[in-house]
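Below you'll find the structure, written out as structure tokens, and then a few comments.
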Amino acid sequence: MRKTTSPSGKPFQYKRCNDEEIIVYPSDKEDNDQDKAAIVITSFTESLVRDAIAKKCKILIGASRDNPPPGSIGYLLRNVKQSPQQLSYLAGILRDEGFCNIEKEGNAYILVHRRA
């Protein structure tokens with residue numbers, strides 16, 4: 001299993017399964033590793049996010065579950081019935097894999113494609 005952090009620094013573990021899904025194991029309340037609860041990020045969601053980053057080059061994450069800002073990746077995910085919460089994990093994974101950088105502007109996190 002691989003370890004990384006969300007844009008806000010929260011640690012988590014993850015693994016890729018058959019190049020189809022990413023299984024994320026968020027840390028517990030004390031930031032300890034755990035393997036009892038997981039979130040699955042599908043290849044559909046990953047492709048949608050990668051395409052949005054590549055197209056815009058610089059895009060707001062918008063991981064709010066309730067009200068992601070229009071134009072953010074979270075807003076895009078809500079429109080296809082996906083949870084923006086996944087972005088907290090997927091952003092860290094894509095950063096570590098060299099696809100994008102994460103910048104902070106005020107309280108917001110921005111994904112910047114590495115070719116930009």
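Coordinate-derived values only; no laboratory data. A quick note: this is a predicted structure, and the numbers were derived from the prediction, not measured. No Cβ is skipped: glycine too gets one built from the backbone with ideal geometry, and neighbour counts run over all protein chains shown.
Show log10 I(q)/I(0) for region 1-75 at q = 0.12, 0.22, 0.25 Å⁻¹, two decimals, from a solvent-free Debye sum over equal Cα scatterers.
-0.40, -1.15, -1.23
Quick check on the chain: helices-only [θ] at 222 nm, where DSSP H runs of length 4 and up contribute -39,500 (n - 2.57) each and the sum goes over total residues. Nearest 500, please.
On the way: 3 runs with 32 residues, N = 116.
That calculation yields -8500 deg cm²/dmol at 222 nm.
May I ask you to derive the relative contact order of the chain, considering only C-alpha pairs under 8 Å and at least 6 residues apart, and to give it as an integer percent?
On the way: 199 pairs, mean separation 25.1, N = 116.
Relative contact order for the chain comes out at 22 percent.
Go through region 1-103 and name the GluC sites (Glu not before Pro) that are in a DSSP coil and have 15 or fewer other Cβ atoms within 10 Å of their Cβ.
Working: sites: Glu20, Glu21, Glu30, Glu46, Glu97, Glu103; in loops: Glu20, Glu30, Glu97.
Those that pass, being in a loop and sparsely packed, are Glu20, Glu30, Glu97.
Enumerate by residue number the trypsin sites (Lys or Arg not before Pro) in region 1-96 meeting two conditions: DSSP loop (anything except H, G, I, E, B), and at most 15 other Cβ atoms within 10 Å of the site's Cβ.
On the way: sites: Arg2, Lys3, Lys15, Arg16, Lys29, Lys36, Arg50, Lys55, Lys56, Lys58, Arg65, Arg78, Lys81, Arg95; in loops: Lys29, Lys36, Arg65, Lys81.
Here the sparse-neighbourhood loop sites are Lys29, Lys36, Arg65, Lys81.
Treating the angle as unsigned and between 0 and 90°, give the value, to the nearest 10°, between the Cα long axis of helix 43-56 and the longest Cα principal axis of the chain.
That works out to roughly 40 degrees.
Can you spot the lysines whose alpha carbon is less than 19 Å from Lys3's alpha carbon? Ignore those fewer than 8 places along the same chain.
Excluding near neighbours in sequence, the set is Lys15, Lys29, Lys36.
Between Thr42 and Ala54, what is the spin-label point distance in nm, taking each point 7 Å from the Cα along the Cα→C-beta axis?
Calculated label separation equals 2.0 nm.
Arrange the following residues from fewest to most other Cβ atoms within 10 Å of their Cβ: Thr4, Thr42. Please report the intermediate quantities before stating the final value.
Values: Thr4 17, Thr42 13.
Ascending Cβ contact count within 10 Å gives the list Thr42, Thr4.
Working from Cα positions, state the angle (0 to 90°, nearest 10) between the long axis of helix 86-96 and the longest principal axis of the chain.
Value to nearest ten degrees: 90.
Which length gain, in nm to one decimal place, applies between Asp33 and Arg114 when the Cα-Cα distance is subtracted from 0.36 nm times their residue separation?
Numbers: separation 81, 0.36 × 81 = 29.16 nm, distance 2.93 nm.
Gain in length upon complete extension: 26.2 nm.
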